[in-house]
Amino acid sequence: MFIDLNLVEKFRINHEVLCRWVASVKRNYRPVSYHNWRHAFNVCQSCFCMIKTGGLESIFSDYEKLSLLVSCLSHDLDHRGTNNAFQAKIEHPLARLYSTSTMEHHHYNQCLMLLQSEGCEILSHLTSSEYAHVIKLVQHAILSTDLAIYFKKRNEFFNVVKSGAADWLGNDGHRELLR
Ligand SMILES: [Zn+2]
């Protein structure tokens, strides 16, 4: 998927580094029944299919495509199979650290950690401003997977589509909803 979207070439991602990063992401999923590596891979492949067959290849920038694939594979990292309400009720340290979107903040944090791990730095050829841009997109994408946020954004998205005034290229707000 990274090769097909030309991201490996565009961002000069070393093949071995990419493989090591993917293997590390896989290893940091737990063997829970749903939020496991298979789920992350499925989400990534669905996103890839939407980009390839939904006409999004010419709408999203390379930075956005890279961010989306990284986010999809990373969005449930270290999931324990329990939801945010559960973390709050058992007063888990993570719930004290992040009072809202508890698990999503943790997934994002794990994602950042892996991107910065030695030998897994797939973004190492980006300039500091490019890196900051990609990370911001990744953060937004992963935090948006909190269902409490997702359903609100989903409604907004459908309203934009139904209004017939969707402008994916010119309107940053619309584009953000699409991502
Ligand atoms: Zn998920």
What shape does the stretch 76-179 take by its C-alpha gyration tensor, where a ≥ b ≥ c are the square roots of the eigenvalues and a/c under 1.5 counts as rounded, a/b above b/c as prolate, and the rest as oblate?
oblate
Quick one: Debye curve from the alpha-carbon atoms of the stretch 90-138 only, equal weights, vacuum; give me log10 I(q)/I(0) at q = 0.14, 0.27 Å⁻¹ to two decimals.
-0.45, -0.98
Given the options 78, 167, 146, state which has the largest fluctuation in a GNM of the chain using a 10 Å cut-off (strictly under) for Cα springs.
167
For every helix of n ≥ 4 consecutive DSSP H residues, a contribution of -39,500 (n - 2.57) applies; sum these over the chain, divide by its total residues, and give [θ] at 222 nm rounded to the nearest 500 deg cm²/dmol.
-19000 deg cm²/dmol
Tally Lys and Arg at +1 and Asp and Glu at -1 over the other residues with C-beta under 15 Å from the C-beta of residue 52: what net charge comes out?
-3
Among 51, 41, 124, which residue has its Cα positioned farthest towards the positive end of the charge dipole of the stretch 7-145, with +1 placed on the Cβ of Lys and Arg, -1 on the Cβ of Asp and Glu, and the dipole taken about the Cα centre?
41
Among residues other than residue 76 whose Cβ falls under 13 Å from its Cβ, what is the net charge (Lys/Arg +1, Asp/Glu -1)?
+1
With a 10 Å cut-off between alpha carbons and a GNM built on the chain, which of 81, 55, 164 moves the most?
164
Would you mind getting me the FRET efficiency between residue 127 and residue 14? Use the beta-carbon distance for r and R0 = 22 Å, nearest 0.05.
0.80
Determine Rg/Rh for the chain; Rg is computed over alpha-carbon atoms and Rh is the Kirkwood hydrodynamic estimate from the same atoms.
0.97
Be a star and scan the stretch 96-128 for residues whose amide nitrogen sits under 19 Å from the point 7 Å along the Cα-to-Cβ vector of residue 43.
98-116
Percent carbon-and-sulfur accessible area, the chain, ignoring ligands, DNA and RNA, probe 1.4 Å
54 percent
With a 1.4 Å probe and every protein chain left in place, work out the accessible area per residue of the stretch 1-123 in Å², rounded to a whole number.
52 Å²
Given points 7 Å out from each Cα along the Cα-Cβ axis, report the residue 162 to residue 62 separation in nanometres with one decimal.
3.9 nm
So which residue, out of 105, 15, 75, gets the largest mean-square fluctuation from a GNM of the chain using Cα contacts under 10 Å as springs?
15
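The values are calculated or read from the model by the stated rules, or taken from the named source; none is laboratory data. Everything quoted here is computed from the prediction, not taken from an experiment. Cβ coordinates were reconstructed from backbone atoms using ideal geometry, including for glycine residues, and neighbour counts include every protein chain displayed. Only protein heavy atoms, including side chains, enter the accessible area calculation; ligands, DNA and RNA are left aside. Shrake-Rupley method; radii C 1.70, N 1.55, O 1.52, S 1.80 Å.
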